[in-house]
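Read the structure below first, then the notes.
The values are calculated or read from the model by the stated rules, or taken from the named source; none is laboratory data. Note that the coordinates shown come from a computational prediction; the quantities given were computed from them, not determined experimentally. Glycine also receives a Cβ, built like all others from the backbone with ideal geometry; neighbour counts cover every protein chain displayed. Note: areas computed on protein heavy atoms with side chains; ligands, DNA, RNA excluded. Shrake-Rupley method; radii C 1.70, N 1.55, O 1.52, S 1.80 Å.
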Amino acid sequence: MQPLVTPQWLKDHLQDENVVIVDCRFALSASEAGAEDYRNDHIPGARYFDLNRNLSGPKEAHGGRHPLPDPTALVSLFSRAGIDENVTVIAYDDQEMAMAGRLWWLLRYLGHDKVAVLDGGYAAWKEAGYEVNADVPTPQARTFTPHVRPDMLVDVQAVRERSRQTVLLDSRAPERYRGEVEPLDPKAGHIPGALSFFYKDNLASDMTMLPVEKLSERIADFANQDIIVYCGSGVTACSNLLALHAAGRTDVKLYAGSWSDWVSYEENPVATGEE
């Protein structure tokens, strides 16, 4: 399945019994804002998944600010939401497809390929003039069967030991990559050898994804190399993964713990400035 769908596609399939819509809106600066926005209005039939409560595991000494949830917890979540192998999941947010991208990646990590992100998010849906409401659905549970794909994921050791031919992409804003500011983590800078690849640069002015040819131009210099993507905590990197997938790179790996995991190890080196 293509990783992105248009508002028109979703409108046309809104009543399909095997389409499940998930609202993933979440603000890192105000953790309850997304749930409140969902209660105010959302795409009809949408369930709500919260980044902290549903799409992340408990924080520990290592693993980053948004560790991956235990697969068992995800299986329970998806089953309660009415997701099984027959269901196509459409995720949306209003954060440049990062939160929705997290759900897209998690479903694919558990072997569910029938998932896509609403291109342009909730704003694009409302801009098109399509229906919204505040009704909270009561999904009929189904049985989600996982098929975990461990090759989609790397940990801190794999990043340390990556080959010289592997490209490491930092998804954060350039000033955070350079170490000029760091609003969230205890150290500023980037993993030595990483290249700056800001996830918002994949987007057009209306916050939809750039055309495939433009995305392909962004990765032209390393199109034939292995790629690992990270960000601050493994969330906005998923928007980059979505863009890379759209450009044909379906093999890119996620360093889920990302920068917040990297700096939790005192022995890990830190670089600043441009590479």
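For the stretch 42-56, 3J(HN,Hα) computed residue by residue from phi via the Karplus equation (6.51, -1.76, 1.60; θ = phi - 60°) reads 6, 5, x, x, 5, 7, 10, 10, 8, 4, 6, 7, 10, 9, 9 Hz, glycine and proline entered as x. Rg and Dmax of the stretch 89-231, based on Cα coordinates, read 17.9, 52 Å.
Excluding the site residues themselves, the longest part of the chain lacking any chymotrypsin sites (Phe, Trp or Tyr not before Pro) in a DSSP loop with at most 16 other Cβ atoms within 10 Å is 131-264. Please figure out what share of the DSSP beta bridges in the chain is antiparallel and state it in percent, rounded to the nearest 5. If we restrict to bridges inside the chain, about 15 percent are antiparallel. For the stretch 1-89, trypsin sites (Lys or Arg not before Pro) meeting the loop criterion (DSSP other than H, G, I, E, B) and having at most 16 other Cβ atoms within 10 Å: 53, 59. Of the GluC sites (Glu not before Pro) found in the stretch 1-69, those in coil by DSSP whose Cβ has at most 13 other Cβ atoms within 10 Å are 17, 32, 60.
Looking at this model, which pairs from 59/200; 200/253; 114/200; 126/187; 59/187 are more than 29 angstrom apart at the alpha-carbon? Going by Cα-Cα distance, 126/187 fall outside the 29 Å limit. Reducing the stretch 239-275 and the stretch 71-147 to their Cα centroids gives an inter-centroid distance of 24 Å.
Is the C-alpha gyration tensor of the stretch 140-188 telling us rounded, prolate or oblate? Criteria: a/c under 1.5 is rounded; beyond that, a/b larger than b/c is prolate, otherwise oblate.
On the way: a/c = 3.20, a/b = 1.60, b/c = 2.00.
Because a/c hits 1.5 or more and a/b fails to exceed b/c, the stretch 140-188 counts as oblate.
Counting only protein heavy atoms and using a 1.4 Å probe, the accessible area of residue 24 comes to about 0 Å².
Using a cutoff of 8 angstrom between alpha carbon atoms and counting only pairs six or more residues apart, the relative contact order for the chain works out to 23 percent.
Taking N as the residue count of the stretch 1-136, its C-alpha radius of gyration divided by 2.2 N^0.38 Å amounts to 1.00.
Which GluC sites (Glu not before Pro) from the stretch 144-210 combine a DSSP loop assignment with at most 13 other Cβ atoms within 10 Å? Can you show the working numbers first?
Working: sites: 161, 175, 180; in loops: 161, 180.
Answer by residue number: 161, 180.
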